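So the structure is just underneath, and the comments pick up after that.
The values are calculated or read from the model by the stated rules, or taken from the named source; none is laboratory data. Owing to the predicted nature of the structure, the values given are computational and were not obtained by experimental measurement. Cβ atoms come from the backbone with ideal geometry, glycine included; neighbour counts cover every protein chain shown.
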Amino acid sequence: MRRWLPPALAFLLARALLFAAGLRAFPGQVRDQVWSLESWVRWDAKHYIDIAADGYRLISCEQVAGYAPQDWCGNAGWFPGYPALLKPLLLVGLPAAAAAALVSALFAFLALHALWTRFLDAEASPKAYVALALAALAPGAVYQHAAFPISLLLFLELRALDAFARERFLAAGLFGAAAAFTYPSGALLGLVMLAYAAWIRRPATALLPLALTAAGTGLVLLLHQLVVSDWQAFFKIQKKYGFGGASWPQHTLLERLRPLFDPEGTLYPALQTLLVLLLMLAVAVGLVLAGKRYDARERLVSLHALCYWLFPLVLGGGLSLHRADALLMPAALLSRRLPAPLQWLVLAASAFTALRVAARFFRGVLV
């Protein structure tokens with residue numbers, strides 16, 4: 001019971017917060033909107049459902065209003081892992097929104113269960129319980145439950161990091177391959193494991209997981225070649241969103257923080273960016289000053305957090321940082337090392353930003 005009840009309660013806590021966000025988003029239409037499964041399907045979510053229902057497409061943007069005719073459109077700019085899980089549910093007649101909500105909710109729970117059992121050791125202590133609650137209410141929490149691959153990716157990443165920490169390198173690589181097949185940034189797992197292996201002066205241990213994780217991305221490109229006759233389809237579609245080159249991370253960060261000082265800006269995503277910045281600085285300081293006292297899982301989670309925080313900042317473009325922040329959920333493990341009052345303060349701040357960002361997601365304001 002101790003292995004299943006705490007993550008189940010943490011999951012329900014997150015859903016309660018998201019219901020409260022729905023009440024803020026639709027104060028006059030509670031019955032029609034807050035309980036509607038369509039509220040979980042926003043923006044990119046429709047591409048994943050489209051892939052599951054009808055497969056991949058790559059077309060010229062000449063056929064799509066609002067884009068330059070020399071650009072490429074279609075749904076091949078999104079990875080196939082999540083649609084592959086939706087497909088069987090659609091085939092048995094489940095409505096698309098229900099299928100997506102079911103898969104996302106299942107893996108949101110399984111990700112919390114993985115963190116609780118494999119990283120927090122199902123420890124019956126106040127700090128472990130607060131760390132689990134922080135994982136459930138982490139910045140960008142709505143994306144763990146919405147029709148996106150975020151919760152699936154988090155589950156696969158947690159299992160990969162746990163397997164690598166336990167020196168089960170084949171399992172780590174297979175979970176890494178599944179993560180890379182699910183989401184573009186899943187490929188970063190290989191670099192996280194390589195960085196840790198280099199830190200402990202055993203770089204050869206990361207070669208198999210690194211190769212298998214890279215193979216997950218390669219499989220996506222092969223699938224695009226087979227289906228749309230162009231292995232570069234993902235890159236062609238994503239290029240029009242401004243992700244083609246690298247940016248200095250501080251430039252992206254300052255741009256996303258600017259609404260804090262602009263009364264007409266989008267305040268709460270910027271507030272989440274500030275909170276995450278402070279937390280990642282704490283992770284970096286902790287890794288430098290206390291890293292030798294960390295166990296393998298804590299070191300891996302620290303490296304994972306810093307890598308997955310910096311990568312979107314370097315990528316720049318129109319990337320949704322508030323959604324990318326959701327991938328930092330495993331760092332909740334590290335909150336156990338904080339003094340109890342500070343751990344509770346982080347939990348309260350995370351819950352506040354998660355609530356406000358979720359309300360804007362439900363309104364269709366945030367991608």
key: Residue selected from the range 120-159 under the condition small (Gly, Ala, Ser) and assigned to a helix (DSSP H, G or I), by the criterion farthest from Ala96 (Cα to Cα)   = Ala128
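Can you find a residue in the range 275-291 that is on the phi < 0 side of the Ramachandran plot and not in a helix (DSSP H, G or I)?
No, the conditions are met nowhere in the range 275-291.
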inquiry  = Among the residues of the range 9-19, are any in contact with a Phe, Trp or Tyr (Cβ under 9 Å, 6 or more places away or on another chain), touching a residue at least 60 places away in the same chain (Cβ under 8 Å), more than 29 Å from Leu221 (Cβ to Cβ) and not in a helix (DSSP H, G or I)?
reply    = no
query = Mind checking whether some residue in the range 110-119 is surrounded by fewer than 24 Cβ atoms within 10 Å (Cβ to Cβ), of a type in the set (Gly, Ala, Ser) and assigned to a loop (DSSP other than H, G, I, E, B)?
reply = no
task = Give the range 65-86 a look and list any residue that's surrounded by 24 or more Cβ atoms within 10 Å (Cβ to Cβ) and among the hydroxyl-bearing types (Ser, Thr, Tyr), or say none.
result = Tyr82
request  = Being assigned to a helix (DSSP H, G or I) and in contact with a His (Cβ under 8 Å, 6 or more places away or on another chain) narrows it down to one of Ala358, Ala331, Ala354, so name that one.
outcome  = Ala331
remark   = Condition set more than 18 Å from the chain's Cα centre (by Cα) and crowded, with 21+ Cβ neighbours inside 10 Å, scope the range 87-109, selection nearest to Leu152 (Cα to Cα): answer is Ala99
query = Which one of these does Tyr48 not meet: (1) part of a loop (DSSP other than H, G, I, E, B); (2) closer than 30 Å to Ala331 by Cα; (3) of a type in the set (Ser, Thr, Tyr)?
reply = (1)
key: Of residues in the range 290-306 being aliphatic (A, V, I, L, M) and modelled with pLDDT of 90 or more, the one farthest from the chain's Cα centre (by Cα)   = Ala296
remark   = Within the range 335-367, residues being within 15 Å of Trp40 (Cβ to Cβ), at pLDDT 90 or above and surrounded by fewer than 16 Cβ atoms within 10 Å (Cβ to Cβ) number 0
task = Go through the range 51-71 and give me each residue that's of a type in the set (Asp, Glu) and either over 29 Å from the mean Cα position of the chain (by Cα) or assigned to a loop (DSSP other than H, G, I, E, B) (or both).
result = Glu62, Asp71
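Every residue, every condition in (1) touching a residue at least 24 places away in the same chain (Cβ under 8 Å); (2) among the aromatic types (Phe, Trp, Tyr), yes or no:
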site	(1), (2)
Gly55	yes, no
Ile59	no, no
Glu62	no, no
Asn75	yes, no
Trp78	yes, yes
Tyr82	yes, yes
Val92	no, no
Ala99	yes, no
Ala108	yes, no
Residue check for Gly218: surrounded by fewer than 18 Cβ atoms within 10 Å (Cβ to Cβ) and part of a loop (DSSP other than H, G, I, E, B) = no
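For the range 44-63, name all the residues that are surrounded by 14 or more Cβ atoms within 10 Å (Cβ to Cβ) and within 23 Å of Ser229 (Cβ to Cβ).
Those that are surrounded by 14 or more Cβ atoms within 10 Å (Cβ to Cβ) and within 23 Å of Ser229 (Cβ to Cβ): His47, Tyr48, Asp50, Ile51, Ala52, Ala53, Gly55, Tyr56, Arg57, Leu58, Ile59, Cys61.
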request  = Could you check Leu279 against (1) touching a His at 6+ places or on another chain (Cβ under 9 Å); (2) under 18 Å from Arg256 (Cβ atoms) and say which number it fails?
outcome  = (1)
ask   = Residues of the range 298-318 being in contact with a Phe, Trp or Tyr (Cβ under 8 Å, 6 or more places away or on another chain), surrounded by fewer than 23 Cβ atoms within 10 Å (Cβ to Cβ) and under 19 Å from Ala138 (Cα atoms), which ones?
value = Leu303
